Amino acid sequence: MELSKIGLCLGFLFFVFLHGVLADCSTATRKVHRYNFSLRETSFTRLCTTKRMLTVNGQWPGPKIQVCKGDTAFVHVHNAGKYGVTIHWHGVKQPRNPWSDGPENVTQCPIQPGKSFTYEVTFSDEEGTVWWHAHSDWSRATVHGAIVVLPSNGTTYPFRKPDAEKVLVLGEWYNGDLKEIIYNATETGAAPVESNAYTINGQPGFPNKCSKETTYRLLVQHGKTYLIRLINAVMNEEMFFGIANHTLRVVAQDGAYIKPITTNYIMTSPGQTMDILITANQPPSYYYIAASPFFDAGSIATYDSSNTSAILEYTGIFAPPASPPYPSLPNIRDRAAADKFTNRIRALASRAHPINVPKKIDKKLFMTVSLNQILCPGATCGGPDGNRLSSSLNNISFATSTIDILQAYYRSLPGVFTKDFPDRPPYVFNYTGDVGNNTLYTYQGTNVTMINYGAAVEIVFQGTNVESGEFHPMHLHGYSFYSVGTGYGNYDETTSPKTYNLKDPPEVNTVGLPRNGWVAIRFIANNPGVWFLHCHLERHASWGMGTVLIVKNGPTKETSIRPPPPNMPRCSN
């Protein structure tokens, strides 16, 4: 074969390696995509430890879904695993279709072993990177993958089209069985054990043991620009991320474009996604890609303090370096560095990508976000003071029912939930100061908030120092929302709103509530359904840091919940 033809073939293979199979967005017709997911136990070896764990199609991370803006994907999930599981399409709004949203016992009951369910994933205005993951206990640690939403026909990125794209997923590896880890923590009332390593695309990388040879490698050509779609699938920690000697240009977050941020590092919370441009403009060599935890919590929490890495590898002929350069990331406790990055995030708010921030509010919720205890008879549990660890919103620890809330609401089934989640906390106190025993002991309930269709909603999340102050990435299903304000200390109803950014606040689906601080969000309740609101730290969600918003039907069929599909998984009751 001629050398020119060989070069063309190698170039094509390199393009396919980086891109995968692309969705065709060249026509105006909205397309339907079909995927088959098989949940099954698969053997993996990391850190010199081999175990079987739940995966989709034997992959970790799982397969990528790629669509064009406004498309629909039908994902047929067959559960060949050992226990019931659901799948959530994180950041996909699912207009009028909460039946396919996925949180276990909120919008559906789990898909039992040997059974199947087909999700209809309905895309609307999302564009960029979102993701999917299991929403049952801690199974999302190994059951997750990327969703890439490309611009629709006739539109393009609000930046120069990159030469290639690649997905990087930050995750965690546990030597132990995840089902046993959360079961033991639940039974004893103690905190679950921390992970043994962080990962990039499933590999711990340097400096973790037994990981050097399997380090994930991202191939680049000199002079080319790449769009990296970064997903934080980590279970319990915020993460710093950087690439040695390369500048990051962040252009999107949570499936929405932002004003570009040029930086040497980013900070990302569990559940968040970021689209990052890099240009391969350094001398051809190897450069470490790395991520390390940002930990801003009190004394009761433990954390995995390790780093994870991959290698940015230039193609071509050169002598590999004996020791590739490593990025300089902020210290694990560097709150100022985390704030410096997050405070720069602003919506693109352009003519092609407009935003619509509610100015007049119809429904306001003020939620205290706390760690708590549940009294344990005889002080025989594994938490502080012999009690059981818990967490709450407005001092209510979310209790999961055996019948999903969506079905109970749609069919008017009694006794499943109550419509009395408080708009304000039960007690007013110095939330971030000397809290004493105020609301230390919470109670469990399945309390929901009812919201009228079309209402302009504001939620203020107030972190507290009850038990221990911690950060909380708060995630709302069914919506993106505007993060209009944040600060440290107690929210002041007179002065705090004066600091709001109502011009170009970022539109996100997961927002970081700082330790002993507050954050305010706004959105229009135009998506009827039953939508879960919870902390995306799995240990906090397991303890009950969640609630449900029910947005009522509008006046027409087109503004009402769609009827359920005929094959919803059956509940135990």
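The values are calculated or read from the model by the stated rules, or taken from the named source; none is laboratory data. Because the structure is a prediction, the values reported are computed rather than measured. Cβ placement follows ideal geometry from the backbone for every residue including glycine, while neighbour counts extend to all protein chains displayed. Ligands, DNA and RNA are stripped out before the accessible areas are found, and what is left, the full protein with its side chains, is counted by its heavy atoms. Shrake-Rupley method; radii C 1.70, N 1.55, O 1.52, S 1.80 Å.
Structural remarks
- Among residues of segment 476-499, those that are over 16 Å from Arg522 (Cβ atoms) and surrounded by 22 or more Cβ atoms within 10 Å (Cβ to Cβ), counted: 1
- Meets criteria (hydrophobic (A, V, I, L, M, F, W, C) and part of a loop (DSSP other than H, G, I, E, B)) for Phe318: yes
- Count - residues of segment 388-401 that are within 12 Å of Gly546 (Cβ to Cβ) and open to solvent by 20 Å² or more (accessible area, probe 1.4 Å): 3
- Considering Lys259, Lys212, the condition of being without any contact (Cβ under 8 Å) to a residue 12 or more places away in the chain, at negative phi, in the same structural domain as Tyr314 (by the TED database) and not acidic (Asp, Glu) is satisfied by Lys212 alone.
- Residue check, Glu165 assigned to a strand (DSSP E or B), of a type in the set (D, E, K, R) and in the same structural domain as Val193 (by the TED database): yes
- Selection count where residues are at pLDDT below 95 and small (Gly, Ala, Ser), scope segment 13-47: 4
So that you can scan it fast, the table gives a plain yes or no per residue for (1) of a type outside the set (A, V, I, L, M); (2) farther than 18 Å from Ser305 by Cβ; (3) more than 21 Å from the chain's Cα centre (by Cα):
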{"site": "Gln203", "(1), (2), (3)": "yes, yes, no"}
{"site": "Val220", "(1), (2), (3)": "no, yes, yes"}
{"site": "Ala233", "(1), (2), (3)": "no, yes, no"}
{"site": "Gly242", "(1), (2), (3)": "yes, no, no"}
{"site": "Gln253", "(1), (2), (3)": "yes, yes, no"}
{"site": "Thr262", "(1), (2), (3)": "yes, yes, yes"}
{"site": "Ile278", "(1), (2), (3)": "no, yes, yes"}
{"site": "Tyr287", "(1), (2), (3)": "yes, yes, yes"}
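- Restricting Asp334, Asp404, Asp362, Asp385 to residues that are surrounded by 22 or more Cβ atoms within 10 Å (Cβ to Cβ) and of a type in the set (Asp, Glu) narrows the list to Asp404.
- Which numbered condition Thr446 misses (of (1) at pLDDT below 95; (2) open to solvent by 20 Å² or more (accessible area, probe 1.4 Å); (3) farther than 22 Å from Asp339 by Cβ): (1)
- Counting only strands (runs of 3 or more DSSP E) that sit wholly inside segment 516-572, those with at least 3 residues that are touching a helix residue (DSSP H, G or I) at 6+ places or on another chain (Cβ under 6 Å) are 529-535.
- Any hit, segment 414-433, residues being outside any loop (DSSP other than H, G, I, E, B), at pLDDT 95 or above, over 30 Å from Gly154 (Cα atoms) and open to solvent by less than 30 Å² (accessible area, probe 1.4 Å): no
- The lone exception for Pro473 - which of (1) on the phi > 0 side of the Ramachandran plot; (2) open to solvent by less than 50 Å² (accessible area, probe 1.4 Å) it fails: (1)
- Residue list for segment 538-567, filter: surrounded by 17 or more Cβ atoms within 10 Å (Cβ to Cβ) and either in contact with an Asp or Glu (Cβ under 8 Å, 6 or more places away or on another chain) or more than 19 Å from Gly478 (Cα to Cα) (or both): Glu538, Arg539, His540, Ser542, Trp543, Gly544
- Flag if Thr129 is over 24 Å from Thr559 (Cβ atoms) and in contact with an Asp or Glu (Cβ under 6 Å, 6 or more places away or on another chain): yes
- Out of Tyr226, Tyr198, sole residue that is in a strand (DSSP E or B), open to solvent by less than 20 Å² (accessible area, probe 1.4 Å) and over 21 Å from Leu150 (Cα atoms): Tyr198
- Leading residue by the ranking (farthest from the chain's Cα centre (by Cα)) among those in segment 128-159 that are open to solvent by less than 10 Å² (accessible area, probe 1.4 Å) and more than 30 Å from Ala191 (Cα to Cα): Val149
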